[in-house]
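Novice: Take this structure, written in structure tokens, and hold onto it; I'll ask about it next.
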Amino acid sequence: MNVTLVYASAPRTVHERVLQVAEGCSVAQALTESGWLSLFPEIRNEPLALGIWGHKATPSTVLREGDRVEVYRALRVDPKVARRERFVGQGARGAGLFARRRPGSKAGY
């Protein structure tokens, strides 16, 4: 059966590989067969998250025909913290849904 492996090793750098594996193959076995554990040692060393089509998976998850296995890196910055910092930098008037109003219009229109 065919499965696709996807890993973004760095920002704007995505590695994708279509792999033929046997029936009953797990995610860990697919990563081993692909050679990515030696090519990208951070996959083995760091506790990375795995997913199949955007849903969480474990290394022991059994793959099915056409699955897309995604290896996720850890986030460097919490998205909520980054949004708060951007808001502080922009100020209350320069951000948000109602930041640009037509002259003389009511708030929110």
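The values are calculated or read from the model by the stated rules, or taken from the named source; none is laboratory data. Computed from a predicted structure; not experimentally measured. Positions of Cβ are backbone-derived with ideal geometry, glycine not excepted, and every protein chain shown enters the neighbour counts.
Novice: Only one residue in Val71, Val77 is surrounded by 10 or more Cβ atoms within 10 Å (Cβ to Cβ) and modelled with pLDDT of 80 or more, so which one is that?
Specialist: Working: Val77 fails: surrounded by 10 or more Cβ atoms within 10 Å (Cβ to Cβ).
Answer to the selection: Val71.
Novice: So, one more: When the residues of region 1-48 are narrowed to those that are modelled with pLDDT of 80 or more and touching a Phe, Trp or Tyr at 6+ places or on another chain (Cβ under 7 Å), which ends up nearest to Val69 (Cα to Cα)?
Specialist: Filtering region 1-48 for residues that are modelled with pLDDT of 80 or more and touching a Phe, Trp or Tyr at 6+ places or on another chain (Cβ under 7 Å), the one nearest to Val69 (Cα to Cα) comes out as Leu5.
Novice: Then there's this: Restricting to region 49-60, give me the number of residues that are over 15 Å from Ala8 (Cα atoms) and either out of contact with any Asp or Glu (no Cβ under 9 Å at 6 or more places or on another chain) or at pLDDT below 90 (or both).
Specialist: Result for region 49-60: 5.
Novice: Residue pairs, Cβ under 7 Å, 6 or more apart or interchain, first in region 64-85 and among the hydroxyl-bearing types (Ser, Thr, Tyr), second part of a loop (DSSP other than H, G, I, E, B). List them.
Specialist: Tyr72/Leu48
Novice: Among Ala8, Ala57, Ala28, which is the only one that is touching a Ser or Thr at 6+ places or on another chain (Cβ under 9 Å), of a type in the set (Gly, Ala, Ser) and surrounded by 14 or more Cβ atoms within 10 Å (Cβ to Cβ)? Full working, then the answer.
Specialist: Details: Ala8 fails: touching a Ser or Thr at 6+ places or on another chain (Cβ under 9 Å); Ala57 fails: touching a Ser or Thr at 6+ places or on another chain (Cβ under 9 Å).
That would be Ala28, the only listed residue that is touching a Ser or Thr at 6+ places or on another chain (Cβ under 9 Å), of a type in the set (Gly, Ala, Ser) and surrounded by 14 or more Cβ atoms within 10 Å (Cβ to Cβ).
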